[in-house]
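Written out below as structure tokens is the structure these notes cover.
The values are calculated or read from the model by the stated rules, or taken from the named source; none is laboratory data. Computed from a prediction, not measured in an experiment: that's the story for all the values here. Glycine also receives a Cβ, built like all others from the backbone with ideal geometry; neighbour counts cover every protein chain displayed.
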Amino acid sequence: MQARKERNDLLREASRAWRKPWGGDVALYYAQKAREVSENARRDALDEARGLVEAKRYAAHDKRTIDLHGTCVQEAIVITSEILEKEGCSPASPLRLITGRGAHSVGGVGVLKPAVHRALVDDGWDVRMWDGGLVVRGRERRVF
């Protein structure tokens, strides 16, 4: 919330500066600062989401399961991709992703599972869906 307020204040300053005859460079400065604040807020949110996922993983008995509850779509995709690149998986040692069913989402339709599924499939992973999440079984074999 603090970052959003700071970003909005900077954009207001950019708008005010733009209205002045000499304000183009000043407006550009404020707009760039607003982008930096937004990027820092996104980075901080991703770090916080990583910590949340790792804390749940550390507390769980099964280290091959990742609970993505509490993350947004972009965070879930980045975190899952990082873990898969670092640790990998195979049919003998799959990685289970708990995304939930979407019961608490708007309209009762989940967005996390289909978005993460699509991102992983696009990246070449063999991904299967189950009611509460996904199972990643390794990289798909590509036949050319």
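Some points to look at:
- Residue pairs meeting the criteria (Cβ under 8 Å; at least 6 apart or on separate chains; first in a strand (DSSP E or B), in region 85-97; second of a type in the set (Lys, Arg)): Leu95/Arg64; Arg96/Arg64
- Among the residues listed as Glu82, Glu54, Glu140, Glu75, the single one being surrounded by fewer than 16 Cβ atoms within 10 Å (Cβ to Cβ) and at pLDDT 95 or above: Glu82
- Among the residues of region 28-81, just one is in contact with a strand residue (DSSP E or B) (Cβ under 8 Å, 6 or more places away or on another chain), part of a helix (DSSP H, G or I) and of a type in the set (S, T, N, Q), namely Thr80.
- Members of region 102-137 found to be in a loop (DSSP other than H, G, I, E, B) and either modelled with pLDDT under 90 or buried (at least 18 other Cβ atoms within 10 Å of the Cβ) (or both), listed by number: Gly102, Ala103, His104, Ser105, Val109, Gly110, Val111, Asp131, Gly132
- Test for Ala41: is it of a type in the set (A, V, I, L, M) and under 26 Å from Gly132 (Cβ atoms): no
- Subset of region 1-34 [surrounded by 13 or more Cβ atoms within 10 Å (Cβ to Cβ) and under 22 Å from the mean Cα position of the chain (by Cα)]: Ala3, Arg7, Ala34
- Test result for Arg7, assigned to a helix (DSSP H, G or I), on the phi < 0 side of the Ramachandran plot, among the basic types (Lys, Arg) and touching a residue at least 24 places away in the same chain (Cβ under 8 Å): yes
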